[in-house]
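**Student:** Got a structure here, written out as structure tokens. Questions coming.
The values are calculated or read from the model by the stated rules, or taken from the named source; none is laboratory data. Note that this is a predicted model, so its numbers are computed, not measured. Neighbour counts run over all protein chains shown; Cβ positions are idealised from the backbone, glycine included. Areas reflect the complete protein model, heavy atoms only, side chains present, ligands, DNA and RNA absent. Shrake-Rupley method; radii C 1.70, N 1.55, O 1.52, S 1.80 Å.
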Amino acid sequence: MVDLVVRAERAVVDGTERAVSLGISDGRIVGVEARDHVWGQPAREVVLGTDEVLLPGLVDPHVHVNEPGRTEWEGFASATRAAAAGGVTTIVDMPLNSIPATVDPDALAVKRAAAQGQCVVDVGFWGGAVPGNADQLAPLHDAGVFGVKCFLLDSGVPEFPPLDAAGLRDALAELARIDGLLLVHAEDGEGLTPHDGGPSFAEFVASRPPSAEASAVRTVAEAAARAGARVHVVHLSSAAGLAEVRAAKAVGTRITVETCPHYLALAADEVPDGDTTFKCCPPIRDRAEQDALWRGLLDGTVDCVVSDHSPCTAELKRLDEGDFGAAWGGIASVQLGLPVVWTAARRRGVPLPTVVGWMATATADLVGLTDRGRLATGCVADFSVFAPDAEWVVDPAALQHRNPVSPYAGRTLTGLVRSTWRRGAEVDPQVPAGELLTRPEVRAPAG
């Protein structure tokens with residue numbers, strides 16, 4: 001007997017949309033059948049409305065939670081509530097902006113202890129590669145991180161300095177030895193141009209040109225090829241960077257790449273001067289760059305779409321000053337990623353199953369969590385109920401993340417998450433039932 005049956009006229013299954021019924025037992029999907037399949041006498045049955053689509057829970061592997069140390073920016077309770085509100089059932093937390101940064105197993109233990117008992121969705125962790133910690137990468141890997149992240153230029157926080165050429169080489173050699181994954185913020189600091197700050201968004205964008213991104217991607221790809229290591233380029237923003245990824249893939253380099261909702265939906269010409277809610281690094285670029293990213297997604301060069309949820313306090317955004325030089329760079333969007341991307345995708349004729357593939361299946365595969373990100377027998381019963389035609393206006397005060405700052409404020413989006421389910425139970429934002437994850441082949445620590 002199954003515990004729960006979910007029936008839907010529309011569901012995203014195996015990259016297509018069709019009518020199904022899911023049988024769920026002990027938190028896992030035990031069958032995906034025709035909508036009218038007879039399951040016996042389940043304990044509960046849920047029937048979706050005709051305007052709703054059943055989606056697998058999204059997996060977002062690029063979320064900055066910032067707790068402990070900068071919990072006033074974001075914390076595990078608020079970040080995971082925001083994730084659930086956006087149909088995201090698994091996040092992987094970035095190693096920087098918290099204090100301590102997750103650069104050794106002791107710091108990872110501190111991070112896990114901070115998260116314990118607070119999360120309403122499942123949470124995994126990235127480690128960090130910084131100068132002098134190459135000997136900590138294997139211990140972090142053994143402790144269950146999903147990979148490690150590095151910067152090639154100033155990260156913005158002093159406890160997470162960038163790798164130079166030798167440091168990158170050492171990290172890749174160690175990760176190649178253990179078949180670990182290196183995530184890279186790929187901008188070349190030497191390729192940036194001076195920026196004196198001020199309200200001009202055009203001047204800020206010009207200070208971080210696509211050539212700096214392309215140069216860094218090329219450096220990473222060449223170093224990875226020499227080491228035989230796996231690398232993943234985070235938050236790709238430009239056609240020039242995309243060309244370098246395409247060339248590296250063509251010669252067999254073990255490289256993957258992500259982009260983000262803000263690069264796919266926002267364009268530089270619509271950013272008002274002084275509106276620092278739009279500041280992120282790399283910056284939001286023009287529509288030609290945006291079009292190139294969409295082409296890269298559709299041809300498979302770009303592997304997935306993640307939020308890069310990078311919040312801070314309203315004060316750090318310098319909203320009153322409007323100074324793009326002084327403001328913190330980051331966009332809080334874990335709750336909004338799906339409707340933002342879907343709103344842009346449908347205008348381009350991109351179907352919903354394709355979007356779900358980028359934000360659920362591909363992201364799950366990136367981190368090795370192949371038991372989620374899809375509606376399939378044997379997978380965890382993580383899913384959301386999505387109304388793809390519902391229109392709504394973004395009210396920052398109604399968002400679940402800690403600080404009500406968003407470049408999407410006042411925008412009309414299409415597509416509304418009506419409920420999110422984890423392990424066959426609807427997520428209650430007041431009940432922290434989420435699990436702390438380790439890489440699949442690593443046993444989770446006790447506690």
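**Student:** Please report the accessible area of Glu159 (heavy atoms, 1.4 Å probe, ligands and nucleic acids excluded) in Å², nearest 10.
**Tutor:** 60 Å²
**Student:** Quick check on the range 218-259: take the gyration tensor over C-alpha atoms, sort the square-rooted eigenvalues as a ≥ b ≥ c, and tell me if it's rounded (a/c under 1.5), prolate or oblate.
**Tutor:** Here the range 218-259 falls in the prolate category.
**Student:** Computed over the Cα atoms of the range 301-447, what is the convex hull's projected area averaged over all directions, in nm²?
**Tutor:** 11.8 nm²
**Student:** Give a quick list of trypsin sites (Lys or Arg not before Pro) in the range 210-283 that DSSP marks as loop, anything other than H, G, I, E or B, with at most 13 other Cβ atoms within 10 Å.
**Tutor:** Loop-located and lightly packed - none at all.
**Student:** Probe of 1.4 angstrom, ligands and nucleic acids ignored: what's the accessible area per residue over the range 162-319, in square angstrom?
**Tutor:** 36 Å²
**Student:** Within the chain, what percent of beta bridges assigned by DSSP are antiparallel, to the nearest 5?
**Tutor:** 45 percent
**Student:** Please calculate how many Å² of accessible area the range 65-106 carries per residue, with a 1.4 Å probe and no DNA, RNA or ligand atoms counted.
**Tutor:** Ligands and nucleic acids excluded, the result is 20 Å² per residue.
**Student:** If you roll a 1.4 angstrom probe over the protein chains with everything in place, what fraction of the accessible area of the chain belongs to carbon and sulfur, to the nearest %?
**Tutor:** 50 percent
**Student:** Follow-up question, since we're still on this one. 5 Å is the cut-off here: which amide hydrogens, built 1.01 Å from N in the peptide plane, fall below it relative to Val92, excluding neighbours closer than 5 in sequence?
**Tutor:** Amide H neighbours of Val92, under 5 Å, 5+ apart: Asp60, His62, Val63, Gly124.
**Student:** Rounded to whole Å and sorted largest first, list the principal axis extents of the Cα atoms in the range 285-362.
**Tutor:** 40, 26, 21
**Student:** Could you give the accessible area per residue of the range 359-416, probe 1.4 Å, as a whole number in Å²?
**Tutor:** 34 Å²
**Student:** How much solvent-accessible surface does Arg28 expose, in Å² to the nearest 10, with a 1.4 Å probe and all protein chains in place?
**Tutor:** Per-residue accessible area (Arg28): approximately 90 Å².
**Student:** Hey, another quick one. Report, as a whole number in µm² per second, the diffusion coefficient that Stokes-Einstein gives for the range 219-322 at 4 °C and 1.567 mPa s using the Kirkwood radius over alpha carbon pairs.
**Tutor:** Estimated via Stokes-Einstein, D reaches 87 µm²/s.
**Student:** Next question, about the same structure. Please list log₁₀ I(q)/I(0) at q = 0.14, 0.20 Å⁻¹ for the range 141-203, using the Debye equation with identical point scatterers on the alpha-carbon positions.
**Tutor:** Taking Cα atoms of the range 141-203 as identical point scatterers yields -0.53, -0.87.
**Student:** May I pose another question? Report, in whole Å, the centroid distance computed from the Cα atoms of the range 193-210 and the range 314-365.
**Tutor:** 21 Å
**Student:** Right, another one. Given q = 0.13 Å⁻¹, what are the Debye log10 I(q)/I(0) values for the chain, with equal point scatterers placed on the Cα positions and solvent ignored?
**Tutor:** -1.16
**Student:** Follow-up. Length gain on complete extension for the stretch Ala247 to Ala43, per 0.36 nm per residue less the alpha carbon to alpha carbon distance?
**Tutor:** Length difference between fully extended and current span is 68.1 nm.
**Student:** Hey, another quick one. Once a ≥ b ≥ c are taken as the square roots of the eigenvalues of the Cα gyration tensor of the range 1-153, is the result rounded (a/c under 1.5), prolate (a/b larger than b/c) or oblate (a/b not larger than b/c)?
**Tutor:** prolate
**Student:** Also, I was wondering about something else. Provide the solvent-accessible area of His235, counting protein heavy atoms only and rolling a 1.4 Å probe, rounded to the nearest 10 Å².
**Tutor:** Approximately 10 Å² for this residue.
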